[in-house]
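S.K.: Right, I'll just put the structure down here and ask away after.
Please treat every number below as a calculation from the coordinates, not as lab data. Owing to the predicted nature of the structure, the values given are computational and were not obtained by experimental measurement. All Cβ positions, even for glycine, are placed from backbone atoms using ideal geometry, and neighbour counts span all protein chains on display.
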Amino acid sequence: MAKRRREPISEGKKNIIAGLIQEYDIKTAEDIQDALKDLLGSTIQAILEAEMDEHLGYEPYERSENSNSRNGKKSKTIRSKYGEMEIDVPQDRESSFEPKIVRKRQKDISGIEDKIIAMYAKGLTTREISEQIEDIYGFEVSEGMVSNITNKLLPEIEEWQRRPLSSVYPIVFIDAVHFSVRDNGIIRKLAAYTILGINEEGKKEVLTIQIGENESSKYWLNVLNELKNRGVKDILVLCADGLTGIKESIAVAYPQTEYQRCIVHQVRNTLKYVADKDKKAFAADLKSIYQAPSEEAGYAQMKEVTEKWQEHYPNAMKSWTANWDVISPIFKFSADVRKVIYTTNAIESLNSTYRRLNSKRSVFPSDTALLKALYLATFEVTKKWTLPIRNWGKVYGELSIMYEGRLP
């Protein structure tokens, strides 16, 4: 990333800096912080006095016909980036003065941090945030300061990743979005794996976000064991794409769990081999497979579709045959349950939010920066997840019978 060019210091700024050094006897970085704290307090005090002058319509010691007048000052402690400070808020006899620089009952003026974090959540780079703050507020916030502010999220993210989970999740999805991340000057493609559960109330819940490079049985076993250690004792159906090692890891960590190959991904992967002119017809034929009334009918339909397209696309259907054991569990369910499993609407909306991060930031400076952005984006999306998924009562009832004794 090109470094932003700093403008030469003007003569006015040089004089201000020289005055500050002399006034506060600045010798260390701590001295600068103390000077800025004092300056901030003095500036706020001066603005408050000016606001009161405007409110009353006259300055102190001037004659006025205004029935309202100054009525002393009230001490107030406020918090800022530079620590706590005391200010004296002017009062008026009619108590009609409403200061704008520090509002009544406002104790914290460091809200700039919240604005920085909100911009980070929307995918802006540290440089873009720095530029926007300067444009809006008229003062410069360094890229390093933006990073330091967002780094305050790391303990919060760690706590979120360790929080206790429910003992049973009827349905769990695992899906990935890929990002470019810089590592020691080299740009690598990393996958952000989102594990999303449908809890017993039918509500969506992001269980964890894992950033990984190489999939393997060991990798997925570690991920699933982490869920176990956080309290997840059972998963009825786990829906995922053909992640390397996931099938073997599920068998070890949750031997009773039904592994369902994600139908949406299965269809997408198949259509990658198909010319645009044939995709619509081919997709309709694939739908006839996974919407078949039974496994036997679905298998027969798969053979028919394979034979129909064999001449033009000899490799397109090989994955269906090879993975039929993890595609076929869906046939035991009704249309209501199938729709929950194979549409993956639950996770697609989340992934679309993540992809918007990709469109705004072509390369993340580190995997930590990526994790912060993903966490903030997740937090924004999940605030809206207040209702259970559609027809959850029917789905829960069917799962209770299908997996007898495993749901409370």
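S.K.: Give the residue from Ala275, Gln256, Leu221 lying farthest towards the positive end of the charge dipole for the range 204-347; charges sit on Cβ (+1 for Lys and Arg, -1 for Asp and Glu) and the dipole is referred to the Cα centre.
M.R.: Of Ala275, Gln256, Leu221, it is Ala275.
S.K.: Which length gain, in nm to one decimal place, applies between Ile401 and Gln106 when the Cα-Cα distance is subtracted from 0.36 nm times their residue separation?
M.R.: 100.7 nm
S.K.: What is the packing order of peptides 361-371, 169-179, 89-99, taking the mean over residues of other C-beta atoms within 10 Å and listing the highest first? Spell out each step's value before the answer.
M.R.: On the way: 361-371: 17.5, 169-179: 22.2, 89-99: 14.9.
The most tightly packed comes first, giving 169-179, 361-371, 89-99.
S.K.: With all distinct Cα pairs included, what does the Kirkwood hydrodynamic radius of the range 297-352 come out to in Å, to one decimal, could you say?
M.R.: Computed over Cα pairs of the range 297-352, the Kirkwood hydrodynamic radius comes out at 13.2 Å.
S.K.: Additional query: Against the empirical 2.2 N^0.38 Å scaling, what ratio does the C-alpha Rg of the range 350-402 come to?
M.R.: The reported ratio for this selection is 1.68.
S.K.: Still on this structure, please answer the following. Arg390 to Glu248: FRET efficiency via 1/(1 + (r/R0)^6), r the Cβ-Cβ distance, R0 35 Å, to the nearest 0.05? Display every interim value, and only then the final one.
M.R.: Numbers: r = 33 Å, r/R0 = 0.95.
So, using R0 = 35 Å, E works out to roughly 0.55.
S.K.: Using the per-residue mean of other Cβ atoms lying within 10 Å as a proxy for protection, in what order, highest first, do the peptides 270-278, 218-226 fall?
M.R.: The packing order, highest mean first, is 218-226, 270-278.
S.K.: Another one. Ser95 to Arg162: extension gain in nm, 0.36 nm per residue of separation minus the Cα-Cα distance?
M.R.: Separation in residues times 0.36 nm, less the Cα-Cα distance, equals 19.2 nm.
S.K.: If I model a spin label as a point 7 Å beyond the Cα along the Cα-Cβ vector, how far apart are those points for Ser67 and His178 in nm?
M.R.: 7.5 nm
S.K.: Which value results when the Cα radius of gyration for the range 285-382 is divided by 2.2 N^0.38 Å?
M.R.: Rg over 2.2 N^0.38 Å, computed on Cα atoms: 1.52.
S.K.: How much length, in nm to one decimal, is gained on full extension between Asp325 and Glu201, taken as 0.36 nm per residue of separation minus their Cα-Cα distance?
M.R.: 41.7 nm
S.K.: May I pose another question? Sequence neighbours fewer than 8 away in the same chain don't count; with that in mind, list the lysines whose C-alpha is under 19 Å from Lys394.
M.R.: Correct list for Lys394: Lys203, Lys204, Lys332, Lys339.
S.K.: Report the per residue volume, in Å³, of the convex hull enclosing the C-alpha atoms of the range 227-348.
M.R.: Details: hull volume 14.3 nm³, N = 122.
Here the figure is 117 Å³ per residue.
S.K.: Would you mind calculating the relative contact order of the range 190-249 from Cα pairs under 8 angstrom and at least 6 residues apart, reporting the percent as a whole number?
M.R.: 32 percent
S.K.: Just to compare against my own numbers: the Cα pair-distance distribution for the range 156-218, 10 Å bins, whole % per bin, please.
M.R.: 19, 39, 31, 9, 2
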